[in-house]
Amino acid sequence: MEYQFSYDLLGKPTAKCELDCELFGDWLTQDMSENSNSTEELLAIIQQLLAREIQDYCFISDTFHLLLDDSEAELKVNNADLAASVNLEVEWHSEDSAGCGLIDLQHILEAWLDFIA
């Protein structure tokens, strides 16, 4: 997964991800930009999934929820039906979910953690 991190005019970290994974950039920007503890928690969960210590995991944040299993990650907008009808501070895309491999998610989370540290 290709991604780019930067800071907005107010100094808040932002993330942009490639076309099929744009929601991951929104999720990092909106829900994970000020919470390194959650990022560290997710990295630990990913290690448990890869070691097959757990079968799956669901992480719920303010705007999105992340479903993980031992090989894939799926990010979905919370209340997608309602979200389309209200004006939230998320750049909406044609899809209300996106997926990637678990290893790809691990790499972007490690890079994000380094970036916001």
Checklist outcome for this item: Heavy-atom accessible area of the chain with neighbours in place, 1.4 angstrom probe: carbon+sulfur share in percent works out to 45
Next on the checklist: Pick from A73, A44, A15 the residue whose mean-square fluctuation is largest in a GNM of the chain, springs joining Cα atoms under 10 Å.
Outcome noted: A44
Next on the checklist: Tell me the relative contact order for the chain as a rounded percent, counting alpha carbon contacts under 8 Å between residues six or more apart.
Outcome noted: 26
Checklist entry - What distance in nm separates the simple spin-label points at E53 and A111, each placed 7 Å from Cα in the Cβ direction? => result 2.6
Checklist entry - How many Å² of accessible area per residue for region 35-76, probe 1.4 Å? => result 57
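The values are calculated or read from the model by the stated rules, or taken from the named source; none is laboratory data. Predicted model, so just to flag it, every value in this text is computed and none were measured. In this analysis, Cβ positions are derived from the backbone assuming ideal geometry, glycine residues included, and neighbour counts consider all displayed protein chains. Just the protein is used for accessible areas: all its heavy atoms, side chains included, with ligands, DNA and RNA removed. Shrake-Rupley method; radii C 1.70, N 1.55, O 1.52, S 1.80 Å.
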